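Worksheet: the structure to be examined is printed underneath.
Readers should treat all values here as calculations from the given coordinates under stated rules, not as data from a laboratory. These figures come from a predicted structure and were not determined experimentally. Using ideal geometry, Cβ is built from the backbone for each residue, glycine included, and neighbour counts are taken over all protein chains shown.
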Amino acid sequence: MNQPLSSAVSIFFIVLYVMLFARIILSWLPINRNNKFLELLFALTEPVLAPVRTLVSRSPLGGPGMVLDFSPLIVFVLLRLAYRIIVPLLQSLGL
């Protein structure tokens, strides 16, 4: 049975995973941030990371002295949870 919506949602999650992973790796490298590809990558991933980063900074785990940014890890967990809920639901509905 062809399920185009669940396939599209799966592809969306995979692309988002790859973009977040690329952003994490590229943030460790000493590269010029004025690159158009990097600007696009940061523009596409920042709306996902910013709310989580704000919540983490307000929590006891965060704060101004926080050296590591755990927001990508939290976003990965939340995306995986959303994927495990949304895709099977769409598949069970036949979408």
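Taking only segment 9-34 into account, find how many residues are surrounded by 12 or more Cβ atoms within 10 Å (Cβ to Cβ) and either farther than 24 Å from Leu95 by Cα or hydrophobic (A, V, I, L, M, F, W, C) (or both).
Going through segment 9-34 one residue at a time, the tally reaches 12.
Kindly evaluate Pro51 against the criterion of being free of Cβ contacts under 8 Å to residues at least 60 places away in the same chain, in a helix (DSSP H, G or I) and farther than 21 Å from Leu5 by Cα.
yes
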